[in-house]
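Everything on this sheet refers to the single structure shown next.
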Amino acid sequence: MQETIKIAVQKSGRLYEGSMKMLKECGIEVSNGNNQLRVQAANFPLEVFFLRDDDIPEYVQDAVADIGIVGENVLAESGKKTDTVEKLGFGKCRLSLAVPKNGNMQKISDLEGKKIATSYPSILSGFLSQHKISASVHVISGSVEIAPRIGLADAICDLVSSGSTLFTNELKEIETILQSEAVMISHPQLTPAKKQILNSLLFRIQAVKKAKNNKYVLLNAPNEKLDDIFRLLPGMKSPTVLPLAASGWSSVHSVISEEDFWNRIELLKAAGAEGILIIPIEKMIA
Ligand code: PRT
Ligand code: ZN
């Protein structure tokens with residue numbers, strides 16, 4: 001029988017859609033129609049287990065699943081031993097300390113002797129002892145943000161993404177403890193056959209990630225401006241240049257990165273580029 005790799009993903013919640021979308025963009029078909037616990041992918045040697053995110057690090061550590069997709073926050077809190085093999089670029093958030101907006105606490109040393117509510121006691125305790133602050137940690141599993149208002153705690157340590165939950169609850173961040181995003185984790189000792197499947201999955205994931213960070217650009221330019229334009233277009237190797245029907249003009253094709261994108265387009269325009277077209281890339285293989 002052909003070897004299969006088992007992947008643990010969140011059953012429902014904030015990482016579910018991102019995880020399924022990533023598999024789909026990698027060309028892997030997984031149907032989870034009947035809310036099943038495990039599903040075999042149709043066209044890749046992958047079996048998907050749908051689990052609560054908190055259980056994923058342990059399942060991967062214990063080799064119940066070979067690999068998994070989980071937030072770095074959950075992984076750090078769990079203390080389980082797995083290898084992080086790829087950052088996935090979704091599920092981004094930060095674990096922060098926050099205090100009442102109108103109170104007199106401003107900085108982490110103001111937390112000395114205070115009570116802090118959190119669902120992340122292990123990360124928080126580590127942070128406090130590293131900063132030599134003694135505070136009492138009160139563990140609650142949900143709605144941490146209401147703790148100060150109901151008198152349960154003086155401060156909180158919770159996940160933040162847009163910041164609107166803190167804002168609504170009249171809290172302000174005073175420190176970021178951890179930046180987090182979804183990551184692919186792996187059992188440290190996979191068999192060579194499983195390792196090979198993981199590598200081919202990672203190859204696809206990297207091609208998808210790279211495509212998202214780059215755009216295909218087409219532009220027209222007078223031939224005498226081409227040297228200036230080439231300097232602004234690093235491309236994958238070097239730009240493709242095709243003559244236009246109008247003499248003295250060329251069409252230039254290249255790839256530019258999302259980062260610094262608008263600045264570069266302005267420079268291209270200033271250097272004499274016209275009719276600039278920007279096209280998304282679906283997959284990019286170096
Ligand atoms: O049922 P299960 O245990 O699987 O799910 P869960 O309820 O424990 O987790 P879930 O689905 O809420 O979150 C899964 C993962 O998504 C987290 O572990 C993080 O890695 C990631 N993530 C990204 C977030 C957020 N952004 C986020 N904003 N997880 C939670 N939040 C919460 C936060 O706790 C706070 O209540 O959203 C609120 C703040 O959001 P803003 O936008 O108002 O700042
Ligand atoms: Zn959870």
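The values are calculated or read from the model by the stated rules, or taken from the named source; none is laboratory data. All values derive from a computational prediction rather than experimental measurement. Note that we place each Cβ from the backbone using ideal geometry, even for glycine, and neighbour counts take in every protein chain shown. These area figures cover heavy atoms from the full protein model, side chains too; ligands, DNA and RNA do not enter into them. Shrake-Rupley method; radii C 1.70, N 1.55, O 1.52, S 1.80 Å.
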Single residue of N104, N35 found to be within 16 Å of ligand 1 (Cβ to nearest atom), open to solvent by 60 Å² or more (accessible area, probe 1.4 Å), at pLDDT below 95 and not β-branched (V, I, T): N35
Set E72, E47, E86: member being at negative phi, among the charged types (D, E, K, R) and within 12 Å of ligand 1 (Cβ to nearest atom): E72
Residues in the stretch 101-115: is at least one of a type in the set (S, T, N, Q) and either within 16 Å of ligand 2 (Cβ to nearest atom) or within 30 Å of I67 (Cα to Cα) (or both)? no
Within the group E72, E25, which residue is touching a helix residue (DSSP H, G or I) at 6+ places or on another chain (Cβ under 7 Å) and not hydroxyl-bearing (S, T, Y)? E25
Please enumerate the residues belonging to the stretch 166-197 that are assigned to a helix (DSSP H, G or I), within 16 Å of ligand 1 (Cβ to nearest atom), exposed (fewer than 15 other Cβ atoms within 10 Å of the Cβ) and not hydroxyl-bearing (S, T, Y). F167
Could you go through the stretch 261-278 and let me know if any residue there is touching a residue at least 60 places away in the same chain (Cβ under 8 Å) and loosely packed, with under 14 Cβ neighbours inside 10 Å. yes
From S141, S200, grab the single residue that is of a type in the set (G, A, S), surrounded by fewer than 18 Cβ atoms within 10 Å (Cβ to Cβ) and within 16 Å of ligand 2 (Cβ to nearest atom). S141
How do the pairs read when you match residues in the stretch 5-31 that are among the small types (G, A, S) with residues anywhere that are open to solvent by less than 80 Å² (accessible area, probe 1.4 Å) and in a loop (DSSP other than H, G, I, E, B), using Cβ under 6 Å and keeping only pairs 6 or more apart or on different chains? A8/A65; G18/F90; G18/G91
Pair list, Cβ < 7 Å and 6+ apart or interchain, from the stretch 50-66 residues that are charged (D, E, K, R) to residues that are open to solvent by 60 Å² or more (accessible area, probe 1.4 Å) and more than 11 Å from ligand 1 (Cβ to nearest atom): E58/K80
Of all residues in the stretch 45-57, how many are surrounded by fewer than 19 Cβ atoms within 10 Å (Cβ to Cβ) and either under 18 Å from I197 (Cβ atoms) or in contact with a His (Cβ under 7 Å, 6 or more places away or on another chain) (or both)? 2
Just a yes or no: is a residue in the stretch 212-229 of a type outside the set (G, A, S), in contact (Cβ under 8 Å) with a residue 12 or more places away in the chain, surrounded by fewer than 16 Cβ atoms within 10 Å (Cβ to Cβ) and touching an Asp or Glu at 6+ places or on another chain (Cβ under 6 Å)? yes
Answer yes or no as to whether I205 is surrounded by 14 or more Cβ atoms within 10 Å (Cβ to Cβ), touching a helix residue (DSSP H, G or I) at 6+ places or on another chain (Cβ under 7 Å) and at pLDDT 95 or above. yes
For K115, are the conditions met, namely being loosely packed, with under 15 Cβ neighbours inside 10 Å and modelled with pLDDT of 95 or more? no
Take the stretch 61-83 and flag every residue that is away from ligand 2 (no atom under 15 Å from the Cβ) and either closer than 20 Å to L198 by Cβ or open to solvent by less than 20 Å² (accessible area, probe 1.4 Å) (or both). Q61, D62, A63, V64, A65, D66, I67, K81, T82, D83
Quickly run through the stretch 116-160 and pick out the residues that are free of Cβ contacts under 8 Å to residues at least 40 places away in the same chain, farther than 22 Å from S78 by Cβ and small (G, A, S). S134, A135, S136, A147, G151, A153
